[in-house]
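Structure first, commentary second.
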């Protein structure tokens, strides 16, 4: 656990693997049980994956209200972890945070990898409202193979009929998505489009070809807005591209950096 | 006891296959279903009914705020209350209320409530709801986890604006005003305040701290409200304040006819319309993550998600609804008995009676209203004799001699 003084937070950090430093920022769902992407990345990198307050054992979400708060918090965490020129990887909401970090602190972030990041809004391609979804509606939205995705999401899960489990689930869901809502509700746009020009990092953008939550056309928009960027499209993968095709995402990162 | 005749102002023309064709009555129901010229008729009929309620002796008439909602057609309850100030003269105008986190700046609420209080000659009862998740988060876009902080700040601003006699600066997180200067000021300063609550401990304390009346607006009847209201009274006892029943209110669907059987015949279809169509809300809109506090989830609010607690409204018969006391319906004697039980078991000094239900036609609304006013209400007036059946802190204080309104043609 990391402790930061201002705003006061306590941060759980998942660390695994050896090699070059890689900072991983999760999406609105947090880490998945036995997260396949983290496992794959840890085979080649020294992975540090902090959990945002509201997720897991990380606390202090009441002190983080908006995009700037979260961006500066993430930069503080990176500094506290003493990572050496890490590759900063972020998925979905984590990609949005990573892009903001790279835009605001562009001298500090030289290698950036955005996995289906949130943060832009195209009127012709509205992003579905995850905050109005019921749990059973999520797997087909997040995965190309919805059935495999459902198993991944519920691995180690319990019985929703059990009151104690249900209570824990509701609290966990409210904490996580309550925090995520500060960046994503009701429209996942906090002005990133106007700041992407500041990113000087070498940037890899990865998108699942079958992403139905944030459609692949958003990949083109990110590619266009970030100067030193490359877009890699992964076949047979949905929004959770890293969890669905961990080997392909690992290879793309290894090839690019 | 204080009886307020409360209108939701539902859209009365939802088709029979509404449930099959639409996932929700609220938030994303296409507005093409609304026909403005029929809306004109409905609004005026509804306002007439509120005025009628004053005429037959209700203490208050009530309106509330909803957005993108086919069972609540008052995005601005203040407009409705304003029309009522002109053709009523005695009843409290219970505006329950303005969702203060949604106004930018929330000073607008201080101003409009002051206007209503002045217009009505001091008859305003002001409500400050947090607002449902459907209204506040989904229809109006407030970030769920910040809603309560925004609400608390708005409340602070409104109370300061009413209290101040000089302009002042307000440097809030969500509202920054160099010159807060509330013109007009309310006659009652402050007006009595009712807070619609849903079982969070924070709201209990908020009411106790500010001497506001806690109002539970539920459609599921008084038996299921017992646990929640017990929680409130337990908190009142813990806080060692007096236990005036006027610290609390409850909303109840009520239908009165000459006999129990007649009540079912007259009102059954409209009750069914209400529970089947009006309360058909997509569960994904019910509770945006972050809207409730963690403490609340860990305590009372959870019970609604527990297995077996799901209310199966579409399949509930008249018998289920009456025997389960979701609705209080029947002959004047039946209704009197059940209302007495409601008032005593929940310990409430305020009742918000929902006597227009779903798509009920005007003649039935008036019939039920008149029977309640004449044959039920008088028998319930003296249930809190130890409080002289009134508590000055929780009701309006009208001017003694308001000006009579004149008709232009005279």
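Out of the residues in the range A:150-187 that are within 12 Å of chain B (Cβ to nearest Cβ) and not in a helix (DSSP H, G or I), state the one that is surrounded by the most Cβ atoms within 10 Å (Cβ to Cβ).
Among those residues, the one meeting the criterion is A:185.
I need the full set of residues from the range B:49-77 which are in contact with a helix residue (DSSP H, G or I) (Cβ under 7 Å, 6 or more places away or on another chain), surrounded by fewer than 20 Cβ atoms within 10 Å (Cβ to Cβ) and farther than 21 Å from residue B:366 by Cα, in order please.
If the condition is that a residue be in contact with a helix residue (DSSP H, G or I) (Cβ under 7 Å, 6 or more places away or on another chain), surrounded by fewer than 20 Cβ atoms within 10 Å (Cβ to Cβ) and farther than 21 Å from residue B:366 by Cα, then B:68 is the only one that fits.
Being away from chain A (no Cβ under 14 Å) and under 30 Å from residue B:343 (Cα atoms) is the requirement here; does residue B:219 meet it?
The answer is yes for residue B:219.
To keep it simple, each residue is scored yes or no on (1) surrounded by 23 or more Cβ atoms within 10 Å (Cβ to Cβ); (2) touching a helix residue (DSSP H, G or I) at 6+ places or on another chain (Cβ under 7 Å).
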site: B:332; (1), (2): no, yes
site: B:335; (1), (2): yes, yes
site: B:339; (1), (2): yes, yes
site: B:364; (1), (2): no, yes
site: B:367; (1), (2): no, no
site: B:376; (1), (2): yes, yes
site: B:379; (1), (2): no, yes
site: B:383; (1), (2): no, yes
site: B:406; (1), (2): no, no
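Check whether at least one residue in the range A:91-104 is over 15 Å from residue A:2 (Cβ atoms), over 10 Å from the mean Cα position of the chain (by Cα) and not in a helix (DSSP H, G or I), and report yes or no.
no
In the range B:117-131, how many are touching a residue at least 60 places away in the same chain (Cβ under 8 Å) and either surrounded by fewer than 23 Cβ atoms within 10 Å (Cβ to Cβ) or over 17 Å from residue B:212 (Cβ atoms) (or both)?
Residues flagged as touching a residue at least 60 places away in the same chain (Cβ under 8 Å) and either surrounded by fewer than 23 Cβ atoms within 10 Å (Cβ to Cβ) or over 17 Å from residue B:212 (Cβ atoms) (or both) within the range B:117-131 amount to 5.
Being more than 14 Å from chain A (Cβ to nearest Cβ) and over 25 Å from residue B:247 (Cα atoms) narrows it down to one residue among B:173, B:178; which is it?
The unique qualifying residue is B:178.
Name the one entry in B:145, B:110, B:139 that is touching a residue at least 40 places away in the same chain (Cβ under 8 Å), away from chain A (no Cβ under 13 Å) and surrounded by 21 or more Cβ atoms within 10 Å (Cβ to Cβ).
B:110
Among (1) surrounded by fewer than 24 Cβ atoms within 10 Å (Cβ to Cβ); (2) in contact with a helix residue (DSSP H, G or I) (Cβ under 7 Å, 6 or more places away or on another chain); (3) more than 12 Å from residue B:102 (Cα to Cα), which single condition is residue B:160 missing?
(2)
Listed residues A:191, A:242; which is within 30 Å of residue A:66 (Cα to Cα), in contact (Cβ under 8 Å) with a residue 60 or more places away in the chain, more than 14 Å from every other protein chain (Cβ to nearest Cβ) and touching a strand residue (DSSP E or B) at 6+ places or on another chain (Cβ under 7 Å)?
Only one candidate passes the filter, namely A:242.
Working only within the range B:199-212, note down all residues that are crowded, with 18+ Cβ neighbours inside 10 Å and assigned to a loop (DSSP other than H, G, I, E, B).
Across the range B:199-212, the qualifying residues are B:199, B:200, B:212.
Please work out which residue is nearest to the chain's Cα centre (by Cα), limiting yourself to the range B:217-241 and to residues that are without any contact (Cβ under 8 Å) to a residue 40 or more places away in the chain and under 21 Å from residue B:2 (Cβ atoms).
Residue satisfying both the conditions and the ranking: B:218.
Kindly provide the set of residues from the range B:385-404 that are modelled with pLDDT of 90 or more, assigned to a loop (DSSP other than H, G, I, E, B) and surrounded by 10 or more Cβ atoms within 10 Å (Cβ to Cβ), ordered by number.
B:389, B:390, B:391, B:395, B:396, B:397, B:398, B:399
Listed residues B:19, B:108; which is part of a helix (DSSP H, G or I) and at pLDDT below 95?
Result: B:19 is the single residue among B:19, B:108 that is part of a helix (DSSP H, G or I) and at pLDDT below 95.
Scanning the range A:110-141 for residues that are part of a helix (DSSP H, G or I) and more than 14 Å from chain B (Cβ to nearest Cβ), which turns out surrounded by the most Cβ atoms within 10 Å (Cβ to Cβ)?
Looking at the filtered set, the residue picked out is A:139.
Looking only at the range A:211-238, how many residues end up being touching a strand residue (DSSP E or B) at 6+ places or on another chain (Cβ under 6 Å) and either at pLDDT below 95 or part of a loop (DSSP other than H, G, I, E, B) (or both)?
Counting residues in the range A:211-238 that are touching a strand residue (DSSP E or B) at 6+ places or on another chain (Cβ under 6 Å) and either at pLDDT below 95 or part of a loop (DSSP other than H, G, I, E, B) (or both) gives 5.
Can you find, within the range B:171-188, the residue that is surrounded by the most Cβ atoms within 10 Å (Cβ to Cβ) among those that are touching a helix residue (DSSP H, G or I) at 6+ places or on another chain (Cβ under 9 Å) and free of Cβ contacts under 8 Å to residues at least 60 places away in the same chain?
Result: B:174.
Check the range A:207-218 and report whether any residue there is within 14 Å of chain B (Cβ to nearest Cβ) and free of Cβ contacts under 8 Å to residues at least 24 places away in the same chain.
no
Quick grid of which residues meet (1) within 18 Å of residue B:60 (Cβ to Cβ); (2) out of contact with any helix residue (DSSP H, G or I) (no Cβ under 8 Å at 6 or more places or on another chain); (3) at pLDDT below 95:
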{"residue": "B:247", "(1), (2), (3)": "yes, no, no"}
{"residue": "B:252", "(1), (2), (3)": "yes, no, no"}
{"residue": "B:257", "(1), (2), (3)": "no, no, no"}
{"residue": "B:261", "(1), (2), (3)": "no, yes, no"}
{"residue": "B:266", "(1), (2), (3)": "no, no, no"}
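The values are calculated or read from the model by the stated rules, or taken from the named source; none is laboratory data. Treat the numbers as computed from the prediction; the structure is a model and nothing was measured. Neighbour counts run over all protein chains shown; Cβ positions are idealised from the backbone, glycine included.
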